[in-house]
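Before any comments, here is the structure.
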Amino acid sequence: MAKRHVTTTVNGEPREFLCEVDQTLLDALRDELGLTGSKEGCGSGDCGACSVMLDGRLVCACLALAVEAEGREVETIEGMAEGERLHPLQRTFLEEAALQCGICTPGFLVAAKALLDRDLDPSETEIRYWLAGNLCRCTGYDKIVRAVQKAAAEMRAEA
Amino acid sequence: MAKVVLPNEVARELAGGLKEVEVEAENYRQLLKALDSRFPGMGDRLRDGVAVAIDGEIFQEPFLELIREDSEVFFLPQIEAG
Amino acid sequence: MSDSASRFKWVGTRPVRPDGLDKVTGRANFGADFTMPGMLVGRIVRSPHAHARIAGIDASAALAVPGVKAVVTAEDFPEIPDGELMVGEGPMNFRDLSCNVMARDKALYDGHAVAAVAATSRAAAEEAVDRIRVDYEVLPHVVDVLEAMEPDAPLLHETMFTEGVEPKPERPSNVASRCEFTLGDLDSGFAAADVVVEGEYVTEAVHQGYIEPHAAVASVGEDGQCTVWCSSQGQFMVRAYCAKLLGMENSQIRVTPSEIGGGFGGKTTIYVEPVALALSRKAGRPVKIVMDRDEVFRATGPTSSAHVKVRVGATRDGKITAGDAELRFQAGAFSGSHVQLGCMCGFAPYDIDNVRTVGYDVVVNRPKCAAYRAPGAPMAAFGVESALDDLAEKLGMDPLELRLANAAREGTKAAYGPKFREIGYAETVEAALSHEHYRAKLGPNQGRGVASGFWFNIGGQTSAALHINEDGTAVVVDPNPDIGGSRASMAIMAAEVLGIDYDRVRPIVPDTSSVPYSDMTGGSRVTFSVGMAVVEAGQKVIEELRNRAAKIWDVDPDGVVWENGEARPASSNVGEFEPLSLTALAESSAKTGGPISGQATINARGVGPGFGTHVCDVEVDPETGGVTVLRYTAVQDVGRAIHPSYVEGQLQGGAVQGIGWALNEEYVYSEAGTLENPGFLDYRVPVASDLPMIDTVLVEVPNPRHPYGVRGVGEVPIVPPLAAVANAIYHACGTRMNHLPASPPRLLAALDAAKLPEAAD
Amino acid sequence: MRSVRYEAPATVEEAVALLSDAGGEAKPLAGGTDLIVQMRARMISPGVIVDVKNIPDLLEVRAQDGGFRVGAAVPGAVLGENEAVVAMWPGVVEAFELIGSTQIQGRASLGGNLCNASPAADSTPAMIAAGVTCEIAGPGGRREAPVEDIVTSPGKTSLGNGEFVVSFYLPPRPARTGDAYLRFIPRTEMDIAVVGAGVCVTLDEGGTCTAARVGLGAVAPTPLLVAEAADALVGTRLDDDAMANLAAAASAACNPIDDKRGTITYRTKVAGVLARRAAGIASERARSN
């Protein structure tokens, strides 16, 4: 079975890779491009640990085929900081202790950024529902929600 | 004499149902020896895999812990990690 | 909150964790993130049957698949005699462990590993898995704990004769053991009671639900030297267990811990690690095995389902005179449920003269149970704390006042025997009573529940080292996988003892060859025990630093003190010297005797037990049985919080796991004994929108036998929620949920059976 | 090892050709939120994956004859951002948006939700209640069919060889008409419906119900259009008695199974509760339209 050649953009950089037709985008990111920040917690779209942006939409990378990335733009956790400068969410997650084991953290950050990119003033309920597809087993979500609220407040103040 | 409370099963099997015994010992190893000489087999039975509470403090792997004249010693299952 | 601020520079502060940056940028390496050149993909063949004799395994078709390099079965693992061996931190039956890792003769549950393959790609490995022919002779099965105890139940192990009963049974059974704990005289205790309540309480099996599946990479060299890179709660445990299962010596195996994506007790044992080693040994190449989520649910560490009977008696004025409980815990396919610990924990918060608890450890055709946060305690507490809620109602007492009136205190004889030393249980009840939450108004269909919980906490064998770098910065070598921020706590304690800045201390978690043995991360032992070792190592470093300063000043070491991170003359009698900073001493270390380092190896003593009290408000939808958690407050005696944010996080996370256990999480088995819900879709852990903020109150009753007053904090918070939620449901709708989870179908059926709350009143 | 092909045709005709040439071996890929999970779980192994997202018709939302034409591969997140559609058929959009998480919403499609043919699909009962039809392309050309005619049993549809759903037509909403969809799940998100109920009602100026449609999900082998439940409303002022009759009729229509998500008793009872609650919301909306 011949592999497919895919040309895509990942975190703003042109990237190419070879993949099986039925390989997921998550496996291609991790195994072909070495971007292991996106995690596989379930492989069925139920945990959100593999959250990435595909052409500006938040998706589970385990539920997209790698071949679908052809000609499209993918953003992952590895592209969230601008060089040395952390995204406000990355900083507030650290300040608010919004992670314990850290396995779900990349997915939460990518998902939370997608929320703040469209709404800088979400209510607690909106944050909780937006992030309902991201499972965290350690924190009970409290500090994650607070970190998102804090980042939003800071970004509102900057805006 | 330190007061020693045996586990129910050990008391039944090796001490004729006697649950509490008094033992003269300065440390845990001596205590175990004393128990073994009074109830043959008890030393082996209590050597591994049991924890002991001496005056309220639990020791998972007791060996030379000091026993006082008025100490209370309880045998317990080892506490597992979660 | 405490006096920490005034007495300590770092203890009690909330700095950013040292490993944080890697975790928010995606750089941190977890179990599945490691690769080696030439690595093969390993996959495991699993039994589709709950109980079956394995008549034969034919791997020839699998080996013919292009790219397949090795197949292993139980024959590739040495047969280990039955019986327990002391390894590391406790007794372990390695025959059971081996048979759980790879079925020998019989498959004992749906998902039980029966063979494994290694191939050059996942596709080839999966193709090979499909082509392995296993000849199963399907046997009758049993998955329910009470059914398994019946005399005519399908028997899992012909060699299992119940331990702990006299006379010794003549016939084998599924009851591995019976245990009993007694205090005082139960009959006279109940005779003295004016009021007696009793009930039967059932909980379903739940999974730890860590988000990271088990993963390991193993490489076996031609000389028999092995390396393993994996996610676990203890690299030394992995090394010792793998060595035993493969007939190796510990020195042959080097285990490097990855970052660990959650464990909660579920990663205190091994599954894929020895299989990867066996495959690598056979294939001559590194092998990586990463479980899929369904494998995690079908074949790894759930906790017991449990059946608990409780009877409690009290006088009219609310003094509990007797407590009696019988616990039947399902252990999975091999003995070893945590029923003994459940027996000890249920009544532990209370001062009761007459107590009896009896436990049964029962095997069934389900995956072998693993520890889960305060193993055994939540099910026991669900029974006792529900019964106490009934008791309070019968007595017309506030449920927290009832608990306070009977609270165990320093000197109280614990229900499991010994006297408590310094504890802070009553303080947690008082804090809950005085919390604004406890007085907040409730609306229709809303109710408030309270419950308490206890956990022993443990110490254990521990090592740590503190290396002073040439520039005066420091490395803390912390031998325990960091599951929830412990590196931050170690850096805080190291900075505190050395008197230097937190940012100048860098903690690392090393492999098994780089630091002496340490027990696992678990049982709420790490901050306590490793912290103690770090402090001791720090004191050794300080002693050395004083020696070095004494050499430089040409004075007696006794004339040098260490204060605020500097060596100073103890008094003006010693002489007039400018203080020497750690940096200065480190930079001159070549002249004064070489590198500066301290190491401590201890068996940590002086553990302080933990208690918590939770308050929960729920609303019940009487037409659908849906339950909404409106508000939740977790109060706990934490000794002293080294990094309060991560202590709060333990309380919040534990509470939410308990809420999941109470409301929607459960293992569902089909008639055929196969697991119906091996995924996060139908195994329903709480999601963010299910929950309110989880308020925490950190009560600090310091543990006087720890240099900074630490008690373990991680286990206790999962103990109270089951009953706190069930009690809240009862007060919302008048229906007592004796069977958890109180999932909507189960709750609606109970509501309908009670003919709506109005009729029940 | 079985080989799989991936094709991303640019036109409906090419897609039809690929699907019909492959016989039953081809699977259309829209959001992939069911297909990729099933492939990964090795429940299915299609010979050809026909990615329909390069076909403009499939991704379009446009006004048509007073209603809306919605491409079968339009993700929930996109439809949810379309204020005009939300204003006209809030129940349909709300049902669509209940499918899965934010992440799933970035991919999941109405076409996939319908053609996966799960009895518990959220958007299907809502579309049935709103009278939505779908355009089907196939070797014989294009045809329009009511949504309730598509699912024939769990996992099976009435689509012929080579046929696939191109778009949905949300008809113009009559005056004083409102729709709503409610489902019950054990958690607040991330579950499959245990029961789903979509209701659409039309009122006259005096507030009497002149037309109604009720769709139920997860209570039978296929999503249901329940005429008896609608009949319980028509001609009434949607008073408590009418609502009780609706609930009874909805419960009576149920033919569910016991499974890990709910019991027969539970589903039957809650179907009535949700139908009643959804009718309440739908009538509120009808009054304000």
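Data overview
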{"quantity": "Residue within the stretch D:2-21 that is aliphatic (A, V, I, L, M), farther than 25 Å from A:D55 by Cα and open to solvent by 50 Å² or more (accessible area, probe 1.4 Å) present", "calculated": "no"}
{"quantity": "Number of positions in the stretch C:634-666 that are in contact with a Ser or Thr (Cβ under 7 Å, 6 or more places away or on another chain), within 19 Å of C:P692 (Cα to Cα) and part of a loop (DSSP other than H, G, I, E, B)", "calculated": "1"}
{"quantity": "Any hit, the stretch D:48-57, residues being more than 28 Å from C:D130 (Cβ to Cβ), open to solvent by less than 30 Å² (accessible area, probe 1.4 Å) and under 21 Å from the mean Cα position of the chain (by Cα)", "calculated": "yes"}
{"quantity": "Strands (runs of 3 or more DSSP E) wholly inside the stretch D:140-215 that include at least 1 residues being away from chain A (no Cβ under 14 Å) and farther than 30 Å from D:D258 by Cα", "calculated": "D:141-146, D:164-170, D:177-184, D:195-203"}
{"quantity": "Count - residues of the stretch D:162-196 that are under 21 Å from D:Q105 (Cβ atoms) and not hydroxyl-bearing (S, T, Y)", "calculated": "18"}
{"quantity": "In the stretch B:64-82, residue nearest to C:G265 (Cα to Cα) [restricted to those that are open to solvent by 20 Å² or more (accessible area, probe 1.4 Å) and at pLDDT below 90]", "calculated": "B:E80"}
{"quantity": "Failed condition for C:M397, given (1) hydrophobic (A, V, I, L, M, F, W, C); (2) open to solvent by less than 10 Å² (accessible area, probe 1.4 Å); (3) more than 14 Å from chain B (Cβ to nearest Cβ)", "calculated": "(2)"}
{"quantity": "When residues of the stretch A:33-77 are limited to those that are of a type in the set (G, A, S) and more than 13 Å from chain C (Cβ to nearest Cβ), the one farthest from the chain's Cα centre (by Cα)", "calculated": "A:G71"}
{"quantity": "Given (1) open to solvent by 30 Å² or more (accessible area, probe 1.4 Å); (2) assigned to a helix (DSSP H, G or I); (3) touching a Lys or Arg at 6+ places or on another chain (Cβ under 9 Å), number of the condition D:I257 does not satisfy", "calculated": "(2)"}
{"quantity": "Residue check for C:A381: over 21 Å from C:V145 (Cα atoms), assigned to a helix (DSSP H, G or I) and open to solvent by less than 10 Å² (accessible area, probe 1.4 Å)", "calculated": "no"}
{"quantity": "Residue in the stretch C:172-189 that is part of a helix (DSSP H, G or I) and either open to solvent by 50 Å² or more (accessible area, probe 1.4 Å) or farther than 30 Å from C:R316 by Cα (or both) present", "calculated": "yes"}
{"quantity": "All positions within the stretch A:1-32 that are among the hydrophobic types (A, V, I, L, M, F, W, C), facing another protein chain (nearest Cβ under 10 Å) and either assigned to a loop (DSSP other than H, G, I, E, B) or touching a residue at least 60 places away in the same chain (Cβ under 8 Å) (or both)", "calculated": "A:M1, A:A2, A:V21"}
{"quantity": "Test: residue in the stretch C:431-442 that is in a loop (DSSP other than H, G, I, E, B) and more than 30 Å from C:V620 (Cα to Cα)", "calculated": "no"}
{"quantity": "Where a residue in the stretch C:655-682 is without any contact (Cβ under 8 Å) to a residue 12 or more places away in the chain and within 11 Å of chain A (Cβ to nearest Cβ) and its partner, wherever it lies, is open to solvent by 10 Å² or more (accessible area, probe 1.4 Å) and of a type outside the set (S, T, Y), with Cβ under 6 Å and at least six apart", "calculated": "C:L681/A:D46"}
{"quantity": "Checklist (1) at pLDDT 95 or above; (2) open to solvent by 20 Å² or more (accessible area, probe 1.4 Å); (3) under 28 Å from C:D519 (Cα atoms) applied to C:L85, failing item", "calculated": "(1)"}
{"quantity": "Subset of the stretch C:209-253 (residues that are among the hydroxyl-bearing types (S, T, Y) and either part of a helix (DSSP H, G or I) or at pLDDT below 95 (or both))", "calculated": "C:Y241, C:S251"}
{"quantity": "Residue among C:R285, C:R298 that is at pLDDT 95 or above, in a helix (DSSP H, G or I) and open to solvent by 10 Å² or more (accessible area, probe 1.4 Å)", "calculated": "C:R298"}
{"quantity": "Sole residue being touching a residue at least 40 places away in the same chain (Cβ under 8 Å), more than 9 Å from chain D (Cβ to nearest Cβ) and open to solvent by less than 10 Å² (accessible area, probe 1.4 Å), chosen from A:A147, A:A152", "calculated": "A:A147"}
{"quantity": "Lone unmet requirement of (1) open to solvent by 30 Å² or more (accessible area, probe 1.4 Å); (2) of a type outside the set (V, I, T); (3) within 13 Å of the chain's Cα centre (by Cα); (4) more than 23 Å from A:T24 (Cα to Cα) for A:E96", "calculated": "(3)"}
{"quantity": "Top-ranked residue in the stretch C:592-616 [being in a loop (DSSP other than H, G, I, E, B) and more than 14 Å from chain B (Cβ to nearest Cβ); ranked as surrounded by the fewest Cβ atoms within 10 Å (Cβ to Cβ)]", "calculated": "C:G594"}
{"quantity": "From the options C:G20, C:G31, C:G67, C:G38, residue that is farther than 27 Å from C:G262 by Cα, within 14 Å of chain A (Cβ to nearest Cβ), among the small types (G, A, S) and open to solvent by less than 70 Å² (accessible area, probe 1.4 Å)", "calculated": "C:G67"}
{"quantity": "Subset of the stretch C:102-127 (residues that are open to solvent by less than 10 Å² (accessible area, probe 1.4 Å) and assigned to a helix (DSSP H, G or I))", "calculated": "C:A124, C:A125"}
{"quantity": "Residues of the stretch C:354-377 satisfying the condition of being out of contact with any Asp or Glu (no Cβ under 8 Å at 6 or more places or on another chain) and closer than 24 Å to C:Y425 by Cβ", "calculated": "C:Y372, C:G376"}
{"quantity": "Residue list for the stretch D:9-49, filter: within 12 Å of chain A (Cβ to nearest Cβ), outside any helix (DSSP H, G or I) and of a type in the set (A, V, I, L, M)", "calculated": "D:L29, D:A30, D:A41, D:M43, D:I44, D:V48, D:I49"}
{"quantity": "Sole exception among (1) in the same structural domain as C:A726 (by TED's automatic domain parsing); (2) surrounded by 20 or more Cβ atoms within 10 Å (Cβ to Cβ) for C:S463, by number", "calculated": "(1)"}
{"quantity": "Filter result (touching a strand residue (DSSP E or B) at 6+ places or on another chain (Cβ under 6 Å) and open to solvent by 10 Å² or more (accessible area, probe 1.4 Å)) within the stretch D:112-121", "calculated": "D:C115, D:A120"}
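Matching residues to (1) in a strand (DSSP E or B); (2) of a type in the set (S, T, Y); (3) crowded, with 24+ Cβ neighbours inside 10 Å; (4) in the same structural domain as C:G658 (by TED's automatic domain parsing):
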| residue | (1), (2), (3), (4) |
| --- | --- |
| C:I423 | no, no, yes, yes |
| C:P444 | no, no, no, yes |
| C:S452 | yes, yes, yes, yes |
| C:P510 | no, no, no, no |
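The values are calculated or read from the model by the stated rules, or taken from the named source; none is laboratory data. Computed from a prediction, not measured in an experiment: that's the story for all the values here. Note that each Cβ is placed from the backbone with ideal geometry, even for glycine, and that neighbours are counted across all protein chains shown. When the accessible area is computed, the model is the full protein with side chains, heavy atoms only, and any ligands, DNA or RNA have been set aside. Shrake-Rupley method; radii C 1.70, N 1.55, O 1.52, S 1.80 Å.
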